[in-house]
């Protein structure tokens, strides 16, 4: 799948199956891994929470197009899908630790992951499928998505700083290829980061219109990687909180407000080229392999829901700089009216985050709401799983968050509790290409 934003790209939606179907075939290598791999997959689902499904349907949809129920989004192209793609309703995000020290094993895994991703986004089963194989061996596909349409599944792959170097060790001979833009994020005022919900060597963002489709994808990738990777943390999300289709209704976050009205559109190629996609000349030499890719910041932001729910409507609207009903900026009538920033409080979220207040900085947001039960005090563990794509983290998220973390009135009601940053390579252009090839070439 690729972010095919007004560009003529290849739209091959899948790759050939790994083996022959049904009777008389030899078991695949993955089948011989045994139930240990299945156990890891089940653990991945348990770590994320609940689910609901995927499969079939051959209608391939350009990645920048709006939602079409059950359609498949093109996998191949110059950019990865799941960035400028019209935002789906459900998310399963997973960060992985690489447990092997063998470079060749890691490359083989990335090739196998890419092949599986191409099949799942087309609505096909992984490998030789979930049924019809040897009764004595686990099937290649976990099977919970049988009979379901692709549901616009996108799988977006990223590489964390620790894959390049960890504890002073050049793990895979790629230390010198770490892009300068892939920085370790600074500590921001108010951060209370949980290490068990932060970082990661690799990540996969699975977005779909059906939660079981997204969970199925992460579960299969975890199973394929058994013995080479392990889930570090994962997050389920629902109810997209931002949109890459500005003509559509802007979603509301868990505080009941529309936030992200002025997000970059998935069809705005000029804005994407300027603010999201890494340019050919951005990092010559060691970082040149990132051309056509992007940088992802993932932040788990917990909302103090009970405190917010006791706050007056007037104060809520002053904090955001929008009215709660229509979502219009202060003093304006309609949601998409140009905001008059000086009419807002100096601490209003919209005023502080607006490009005019930040030298024209823009990021592409793909946030999701989350609700993970309650804590030990009976408070709702809920909030925003913030995902932001940009051309350079140093000139995107970092200066924005530095300003917001110090001045935003919203900080009284939120806290950043998880954090990670990843380099998201360019797209997979053809069937024999694979995630991360440019880095390891």
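Here residue 335 and residue 188 are evaluated by their C-beta separation; at R0 = 22 Å the FRET efficiency comes out at 0.15. For segment 158-216, the spread of Cα coordinates along the three principal axes comes to 41, 34, 21 Å, biggest extent given first.
Evaluate E = 1/(1 + (r/R0)^6) for residue 280 and residue 99, where r is the Cβ-Cβ distance and R0 equals 30 Å; express this FRET efficiency to the nearest 0.05. Can you show the working numbers first?
Details: r = 35 Å, r/R0 = 1.15.
Here the calculated transfer efficiency is 0.30.
Modelled spin labels at residue 310 and residue 230, positioned 7 Å past Cα toward Cβ, are 4.2 nm from each other. Once every Cα of segment 259-303 carries one equal point scatterer and solvent is ignored, give the base-10 log of I(q)/I(0) from the Debye formula at q = 0.30 Å⁻¹, two decimals. Computed log10 I(q)/I(0) values: -1.08. The Cα atoms of segment 280-384 give a gyration tensor whose axes a ≥ b ≥ c have a/c of 1.5 or more with a/b no greater than b/c, which makes the shape oblate. Between rounded, prolate and oblate, where does segment 367-424 land on the alpha carbon gyration tensor, with a ≥ b ≥ c its root eigenvalues, rounded for a/c under 1.5, else prolate if a/b exceeds b/c? Because a/c hits 1.5 or more and a/b fails to exceed b/c, segment 367-424 counts as oblate.
Using only the C-alpha atoms, the convex hull of segment 105-178 corresponds to 132 Å³ per residue. Equivalent ellipsoid of segment 180-248: semi-axes from √(5λ) of the C-alpha gyration tensor, largest first, are 24, 22, 12 Å. What is the distance in Å between the Cα centres of segment 142-206 and segment 69-121? Segment 142-206 and segment 69-121 have Cα centres spaced 12 Å from each other.
So what is the diffusion coefficient of segment 145-281 in µm² per second by Stokes-Einstein at 20 °C and 1.002 mPa s, using a Kirkwood Rh over Cα pairs? Please list the in-between numbers first.
Values: Rh = 18.3 Å.
Approximately 117 µm²/s, per Stokes-Einstein.
Give me the one-decimal Kirkwood hydrodynamic radius in Å for segment 305-441, with the sum taken over alpha-carbon pairs.
Details: mean 1/r = 0.0566 Å⁻¹.
So the Kirkwood estimate lands at 17.7 Å.
Across every pair of non-identical alpha carbons in segment 232-343, the mean reciprocal distance, once inverted, gives a Kirkwood radius of 16.9 Å. Per-residue packing, averaged as other Cβ atoms within 10 Å, sorts the ranges 285-295, 306-316 into the order 285-295, 306-316, beginning with the highest.
Between residue 167 and residue 248, the distance separating the two model label sites (each 7 Å from Cα on the Cα→Cβ line) works out to 4.4 nm.
Building the convex hull from the alpha-carbon atoms of segment 84-215 and averaging its projection over directions returns 11.0 nm².
Here, each number is a calculation from the coordinates, and none is a lab measurement. The structure presented is a predicted model; accordingly, all values stated were derived computationally and were not measured. Every residue, glycine among them, receives a Cβ derived from its backbone with ideal geometry; neighbour counts consider all protein chains shown.
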